[in-house]
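Coordinate-derived values only; no laboratory data. All figures in this text were calculated on a predicted structure; none of them were measured in a lab. Don't worry about glycine lacking a Cβ; one is built from the backbone with ideal geometry, like all the others, and counts go over all protein chains shown.
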Amino acid sequence: MAFDLVLFGGTGDLTWRKLMPALFQAWRHGKLPAGGRILAVARDERSDEAYRAYIREKFAGVDEAKQPTDEEYAQFAQLLHYRRMDLSTPGDYQGLKAWLDARGAETVVLFLATSPHLFPVIVGQLGQAGLNGPHVRVVLEKPLGHDLASAQQINQVVRAAFREEQALRIDHYLGKPAVQNLMALRFGNALFEPLWRRESIASIQITLAESIGVGSRGDFYDRTGALRDMIQNHALQLLTMIAMEPPSTADADAIRDEKLKVLRSLKPFTPETVGRDVVRGQYKAGTVGGQPVAGYLEELKVPAGSTTETFVAMRTEVQNWRWAGVPFYLRTGKRLAARDAQIVVNFREVPHPIFPGTRRANQLVIKLQPEDGLELHLLAAKGGGASLNGHEALSPVSLDLDFDKAFATDRVGGYERLLLDAIAGRLNLFVRSDEQEQAWRWVEPILHAWRQDTVGPRHYVAGSWGPAAASALVARDGCTWAEEQ
Ligand code: BG6
């Protein structure tokens, strides 16, 4: 299948840090369809050769195992082309169209890897230039808006030029193999589904912890904060996959309809419940991995006295028959003790315990990163003989599945998967506009309540697990976070 992939923002960060390495891996794995061209567009003048040399240099910063050899790069670089464009000049889009039409590839993917404030301009111009035919798809990177109104505005512009199934909104968490495994776990196995409900599950925790700080992105981050950066998209997408009803087919819309229902069932926040059920924090100087690190307010380009949150923990509920009353806790933060993304499903305790000693409920831990796997925590008799009262106390044991090890050679990275899906027109792992808007609708009361709140975020020491209030939040329901057990 011949394809043309156009990267707007072709010299930018996202292109060389994520997209080019992913495209190279796809090519190296033999997964990139033959007959493809990758066209980078940006503002400055350069030749194809100069662009290829520029990207070659940037590969030096990629993990060693993912760097091309000279021979490999010489071949891969043949796919790369470059074109100067001024994104507000209609004639430049006509030029692009002529370049694409001259070959007439079956599929054209237009990837907007620019700053999001340019999306409306680019999408509008693409429509006017007729670069929106049925064989064209447009890929939009987050952040898509900063609240419901701005997201709706972007979607309106996109809808004016493209049909919904032509617009692919990326949430790169959906490309992670562990997230796809979550679907496989729930809907490819009969084992868990009968237990996947309030009668057997006591609570669910989703943690997306990072040990990095905001780095050089202080200005962007300060306008964004953890709620918009991680919860509105990544954490809520994970929650929908955990809580959704089984879709009738594996088609994109069947899945997205079910995810949307979950988003619509989330308990709405009021100013009172934001105060009670949402904890926001901001890191102070501390130590991460043995190294002293600055506090958020000392980071580059962060304005003095900023009250932007770098940590959020919250409790919510999915208000339907399956999940009524089951707390869902979401937590994310920068400069936490570890990089650790996982979902913990806490099952209920046995209704009538007959063994002495530990009374520990079963737990399923879905590990997203740094490891990708599953742990099932059970209780077992060690076989060490009876204790005083005639029964052996049970001991915790776990079944541990390491997907990285099991499937090492077949693994495909997040962006690689999403780029290949965009080219092939598989929409399952992209976010539909109504999902995205509903997620904004749900987080907006939190943003609103914080604007009225004069207290600001609670402080936590870099390298810790966030403010103590986050532990108190779960302790109210008799729970603890995974690292506190
Ligand atoms: C991005 C956020 O969407 O996800 C970043 O903007 C964050 O702030 C990143 O660091 C985390 O992604 P990953 O794949 O490293 O967990």
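Side notes on the structure shown:
- Model label sites at Q319 and K382, defined 7 Å from Cα along the beta-carbon direction, differ in position by 4.8 nm.
- Full extension of the segment from R217 to W99, taken as 0.36 nm per residue of separation minus the current Cα-Cα distance, would add 39.0 nm.
- Here E349, E45 are placed in order of increasing Cβ neighbour count within 10 Å, fewest first, which gives E45, E349.
- Within straight-line cross-link reach of K58, aspartates and glutamates at Cα separation under 12 Å, skipping those fewer than 8 residues along the same chain: D13
- Overall form of the range 46-93: prolate. Here a/c, set by the Cα gyration tensor axes a ≥ b ≥ c, is 1.5 or more, and a/b is the larger of a/b and b/c.
- Each other residue within a Cβ distance under 10 Å of E199 adds +1 if Lys or Arg and -1 if Asp or Glu, for a net charge of +4.
- Cross-link partners of K18 among aspartates and glutamates, defined as those whose alpha carbon lies under 14 angstrom from its own and excluding same-chain residues fewer than eight positions apart: D63, E141, D171, E416.
- The eigenvalues of the Cα gyration tensor, multiplied by 5 and square-rooted, give the range 10-79 an equivalent ellipsoid with semi-axes of 18, 14, 12 Å from largest to smallest.
- Rounded if a/c under 1.5, otherwise prolate or oblate - the range 164-280, Cα gyration tensor axes: prolate
- Three-way shape call for the range 419-479 based on the alpha-carbon gyration tensor, with the a/c threshold at 1.5: prolate
- For the range 347-435, the ratio of Cα radius of gyration to the globular rule of thumb 2.2 N^0.38 Å stands at 1.74.
- In a fully extended conformation the segment linking S398 and A149 would gain 85.0 nm over its present Cα-Cα distance, using 0.36 nm per residue.
- Per residue, the convex hull spanned by the Cα atoms of the chain measures out at 171 cubic angstrom.
- Stretching the chain fully between T358 and H448 yields a gain of 28.0 nm (0.36 nm per residue, less the alpha carbon separation).
- The fewest-to-most ranking of R84, R280 by surrounding Cβ atoms within 10 Å reads R84, R280.
- Euclidean distance of C-alpha centroids, the range 109-140 and the range 288-306, integer Å: 37
- Sequence-distant lysines (8 or more away, or on other chains) whose Cα lies within less than 17 Å of K334: K284, K301
- The chain - percent relative contact order, Cα under 8 Å, separation 6 or more: 18
- With the highest mean first, a sort of the peptides 430-438, 467-475 on other beta-carbon atoms found within 10 angstrom per residue produces 430-438, 467-475.
- Helix content alone sets the calculated 222 nm mean residue ellipticity of the chain: runs of n ≥ 4 DSSP H residues at -39500 (n - 2.57) each, divided across all residues, give -9500 deg cm²/dmol.
- Estimated inter-spin distance, F407 and E484, nm [label 7 Å along Cα→Cβ]: 3.3
- Pairwise centroid distance, computed over Cα atoms, of the range 194-271 with the range 36-97, Å: 35
- Taking the fewest neighbouring Cβ atoms within 10 Å as the starting point, the ordered list for D48, D277 is D48, D277.
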